[in-house]
């Protein structure tokens, strides 16, 4: 049996291998970097969407039932009409504990709520300002006791 | 002096498919660059745009709830708007109305010119102006808004 001889230019082989390894490392690190970035984006997007949706329900909806209190509430809503905060509902909302609020809002995120008048003086507040790794806080303009007010609402973890 | 030849089948000539290597590297770099651009474009934060949109909707609703829109007074409405909207927001409002039973449309505008090089949130709210005892509708109005980050 005739032995066939292989031929390899060692320098070419080393150069080609080096380039291949560099390219592989580049592709792998890009993959892992983007996977982390995309995961972070998805989590932040979820948090942001929930924050806006829950704030919409709070200031536009009467809640369920419409005359809810801290014992019979299914869905928390603070409005007597669109963007008008009801005094009694706000008081009932403040009486709820953080776990109860999270349960009624169907969220595992920590809740931050702060109602102030237009000059910044606090009217009612629930929870601590966000201090975690991920948070979204938004401002909504509402009416409270016939005066303009600002509701800050945030979810964080 | 003759160069010493390696004792190989093809002497000391090596095969180097340089063009293949260059093309392959170029393709990989192009793919990495394309994925980089795609990821960058699609992971931009859009919550600030949503905040703009919600602010516009809230402000025009609050103006309606306070009956400020019912005044149809440019200066009064402008004072109310500037008191509500944050200073880092630009805005433009168009208030239009027509009297009940009339075809004539009246309007005025408040605020700056709408930019065309950035995101602008826009919306429209219809409102009714009633008599003092709220038994008759005197005017049919609409408030259109544009809001952007300065």
Degrees, to the nearest 10: B:18-42 long Cα axis against longest axis of chain B: 20 degrees
Taking the Cα atoms only, what angle lies between the long axis of helix A:10-60 and the longest principal axis of chain A, rounded to 10 degrees? 10 degrees
Quick one: if you stick a label point 7 Å off each Cα along the C-beta vector at residue B:38 and residue A:121, how many nm between them? 5.6 nm
Let me check I have the definition right: for segment B:47-149, take the eigenvalues of the Cα gyration tensor, multiply each by 5, take square roots. What are those semi-axes in whole Å, largest first? 26, 14, 12
Could you work out, residue by residue across B:55-68, how many beta carbons of other chains sit within 10 Å of that residue's beta carbon, and then give the average as an integer? 4
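Classify segment A:43-84: rounded, prolate or oblate, from the alpha-carbon gyration tensor (a ≥ b ≥ c, eigenvalue square roots; a/c under 1.5 rounded; otherwise prolate if a/b is larger than b/c)?
Oblate, because a/c is 1.5 or more while a/b does not exceed b/c.
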Rg and Dmax of the protein assembly as shown, Cα atoms, in Å? 31.8, 117
Which length gain, in nm to one decimal place, applies between residue B:19 and residue B:99 when the Cα-Cα distance is subtracted from 0.36 nm times their residue separation? 21.0 nm
Taking Cα pairs closer than 8 Å and at least 6 residues apart, the relative contact order of chain B in percent is 22 percent
Computed [θ] at 222 nm, helices only, for chain A once each DSSP H run of length n ≥ 4 contributes -39500 (n - 2.57): -15000 deg cm²/dmol
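Nearest 0.05, what FRET efficiency do residue B:149 and residue A:11 give at R0 = 41 Å with Cβ-Cβ as r?
So the FRET efficiency works out to roughly 0.10.
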For chain A, just say rounded, prolate or oblate: build the C-alpha gyration tensor, square-root its eigenvalues into a ≥ b ≥ c, call rounded for a/c under 1.5, and beyond that prolate if a/b exceeds b/c, oblate if not. prolate
Please tell me the relative contact order of chain A in percent, rounded to the nearest whole number, where contacts are Cα pairs under 8 Å and at least six residues apart. 18 percent
Applying 1/(1 + (r/R0)^6) with R0 = 51 Å to the Cβ-Cβ distance of residue B:78 and residue A:131, what FRET efficiency is obtained, to the nearest 0.05? 0.85
With just the Cα atoms defining each centre, how far is segment A:89-129 from segment A:24-51? Give it in Å. 31 Å
Would you compute, for the Cα atoms of segment A:91-157, the largest minus smallest coordinate along each principal axis and list the three values in descending order, in whole Å? 33, 25, 15
Between the Cα axis of helix B:47-65 and the main Cα principal axis of chain B, the angle (0 to 90°, nearest 10) is 0 degrees
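Computed from the coordinates by the stated procedures, all read-outs in this text should not be read as laboratory data. What you see is a predicted model; the values in this text were computed from it and never measured. No Cβ is skipped: glycine too gets one built from the backbone with ideal geometry, and neighbour counts run over all protein chains shown.
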